[in-house]
1. Kindly provide the set of residues from the range 658-678 that are surrounded by 15 or more Cβ atoms within 10 Å (Cβ to Cβ) and at pLDDT below 95, ordered by number.
2. Could we say that ILE254 is of a type outside the set (Phe, Trp, Tyr) and touching a residue at least 60 places away in the same chain (Cβ under 8 Å) here?
3. Just one of MET302, MET315 is of a type in the set (A, V, I, L, M), in contact with a His (Cβ under 8 Å, 6 or more places away or on another chain) and in a helix (DSSP H, G or I); which is it?
4. Does the range 16-38 hold any residues that are more than 15 Å from ALA157 (Cβ to Cβ) and either aliphatic (A, V, I, L, M) or not in a helix (DSSP H, G or I) (or both), and which are they?
5. Could you grab me the full set of residues in the range 549-569 that are more than 17 Å from GLY606 (Cα to Cα) and not in a helix (DSSP H, G or I)?
6. Go through TYR539, TYR581 for me and flag whichever is surrounded by 12 or more Cβ atoms within 10 Å (Cβ to Cβ) and more than 29 Å from the chain's Cα centre (by Cα).
7. Would you confirm, using the coordinates I've provided, whether LEU278 is touching a Ser or Thr at 6+ places or on another chain (Cβ under 8 Å), aliphatic (A, V, I, L, M), within 19 Å of TYR220 (Cβ to Cβ) and at pLDDT 95 or above?
8. Across the range 58-87, what is the number of residues that are assigned to a strand (DSSP E or B) and among the acidic types (Asp, Glu)?
Amino acid sequence: MKSINISLKKIEKASLIYGAILASLFSLSLYIRAALPYNSVFGGAFVRFGGNDPWYHMRIVENTLHNFPYRIWYDAFTYYPHGGYNPFAPLFDYFLSFIIWIIGLGNPYATLGQHGIEVIGAWYPAVLGALAVIPVYLIGKEIYNRNVGLFAAGLIAVLPGQFLSRSILGFTDHDIGGILLNTIGLYFFILAIKHAKENRISFESILSKDWKSLRKPMTYTILAGITFGSFLLEWVGGMLFGYVLFGYLVIQYIIDHVRGESTDYLCIIGVSVYVIALVMIVPFLHPYSVEASHVTILCAAMIAFLVMSGISVAMVKKRIDPYGYPFAVIGTAIIALILLNILNPFLYSRLTGILGLLTPSVGEMTIAEAHPLQIFSPYTGRIADGEAYQWFTTTFFIAFAAFPWIGYNIARRFRPAEILLLVWSAVILIGCFGQNRFACFYAVNVALLCGFVSWKVIELVGFRGEGGIEEERTGEAVKKIKGKKKGGAKEGITQKNKSRTKTAQTHKKAANTKVEKIKRYLRAELILTFVIIFFVVFYPPLDNSLARAKYGGGPEYDWYESLSWMRNNTPDPGVSYYDLYEEPPRGEDYNYPEEAYGVMSWWDYGHWITRIAHRIPNANPFQWGIGGPGENGTIRPGACMFLTSKDEREANWILDELGTRYVISDFMMADAFNAYYNKFGAITTWAGD
């Protein structure tokens, strides 16, 4: 009992130390995200939300609070004269609205006021971003050890670039919620796979109701499924989680079958996760925000898992060479896709639509987050000026060292968690080279990969000849000690007599052990290794973040002042900003009152016009209302055609077609010489000029 208490004390002490470090990393992350940009967000005449989409998210939150618990699925207060479906999935805004509603005691406008609501909304992404250190630590700890987890958590706390900019004070956008859910979901999935493999669950386990074996794996499976479903309800691109899991499961199926291991557990977990997600999203299906195509993809994935398991079981029963399994799976997939393309081309296009992310159109390339991640700057040709270095600094390149290293580990041990980490990282990296918007998700992978590399370097350099400190080596050492205890009764009596002599030396040895342990960690080469890792891996992103986090995005004061003037000094459009709008029949425009009108500007500014001026823009950041050249020399009326028109009659015709009464422009829309990061180049690209 005494030895157990000592062990518990040691565990408790170690856990407290790691917990304190993790809490410090959370505080550092929150400081970077909230304290540094505080004056930029709250120091002016208004709460300065960043970018474009955060202003629309706050528009949805305001509307939800006025109609709680209902929210707008169709919005007549944008894209005049058509209106459109709200394309944001509901969970991010619902959760923020619920928080505000609770803090506001059910009547936030009376208890908190407009400013109080905006303050909570501005803090929301910063807190979510800081919380990311926890699941990142847990994944690193689960796959490797607590030290890798701490290194990864430390890195995600200080990484600059897309991850920082999308989780900073005032950038109230859904991306950070998706990153957090994706990371938590993969942690639960790793645990589900681990316990399922350890407990050797199979179809027989379910049939025989072996709840003891099923309890842990299925608990984590349910949690992974709930998180997956939440991700789909949080972001329209939440199927990213599904593609990562599907890619991993296909590879794991092949590895397990070829190695002669059962694949039952993969089918049980895979189907369960996707079923739970399916059940969660079905009640919320709606055009654009939670699409019916998600149902199709989830069902197709579940069928694929069942088919792969069926092929595996059949080949085992017929004693077919296991190396034929990959060819059977690939052949079945090719045949299924060919038949689907013939029988249902639309469904085929939805299932393969993910490939479109890798080939953005010319117009989409003008969208800041849609062009491929650039390693070399298109302006200077230098790596240091490229997006990869600016957003990740040295860590982007150090992470590449982890891929072959982890691949080597997989070849030795075939650990499912490492296979998942490698597949997950590869999928997101490929996504970055399709559209850079995935760089914010890849930050988690970079943190884990660099955490792994950093700790492995420390082990290789600092603990040579020490027997190592890896969990695997520790396990081997324990086995050897146990083996030495086997020596028969005579040896047992001898050991008992010797123990009395050793008792007197215990305290002296304990003191010596402490000194030796301190010396072990204070060796010159180990200290030097830590210093080098800090300055190579951690200092560059920390320095970058500290410099960039001070300045938030969003409208300058002249924009806010102009739009506030518009709100108070122009005719009311006859549509209530806070209504729940009746959806028109599919394919038809909203039935606006006669006094309604539109406000023309480039699409970047549409949400500002909606949220600040309470007026209806003709174009918005969903890329609605842009217009462009039509067939046979015709034009589609929209913002790009109006802003590049050289004919007054044509320009007036466009405004008349769109019911426009006011036009708002600024320097960047007219900056033809690109003196500053301008909008004019994008306008001409969309106009086909």
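1. ASP666, MET668, MET669, ASP671, ASN678
2. Details: of a type outside the set (Phe, Trp, Tyr): yes; touching a residue at least 60 places away in the same chain (Cβ under 8 Å): yes.
For ILE254, the condition - of a type outside the set (Phe, Trp, Tyr) and touching a residue at least 60 places away in the same chain (Cβ under 8 Å) - is met.
3. Values: MET302 fails: in contact with a His (Cβ under 8 Å, 6 or more places away or on another chain).
Of the residues listed, the single one that is of a type in the set (A, V, I, L, M), in contact with a His (Cβ under 8 Å, 6 or more places away or on another chain) and in a helix (DSSP H, G or I) is MET315.
4. LEU16, ILE17, PRO37
5. So in the range 549-569, the residues more than 17 Å from GLY606 (Cα to Cα) come out as 549-552, 568-569.
Listed by number, the residues that qualify are ALA549, LYS550, TYR551, GLY552.
6. Working: TYR539 fails: more than 29 Å from the chain's Cα centre (by Cα).
One residue alone meets the criteria, TYR581.
7. Working: touching a Ser or Thr at 6+ places or on another chain (Cβ under 8 Å): no; aliphatic (A, V, I, L, M): yes; within 19 Å of TYR220 (Cβ to Cβ): yes; at pLDDT 95 or above: yes.
No; evaluated as a whole, the condition is false for this residue.
8. Initial filter on the range 58-87 (assigned to a strand (DSSP E or B)): 74-75, 84-85.
Remaining after also requiring among the acidic types (Asp, Glu): 75.
Summing the residues that are assigned to a strand (DSSP E or B) and among the acidic types (Asp, Glu) in the range 58-87 gives 1.
The values are calculated or read from the model by the stated rules, or taken from the named source; none is laboratory data. Treat the numbers as computed from the prediction; the structure is a model and nothing was measured. Glycine gets a Cβ as well: all are built from the backbone with ideal geometry, and neighbour counts include every protein chain shown.
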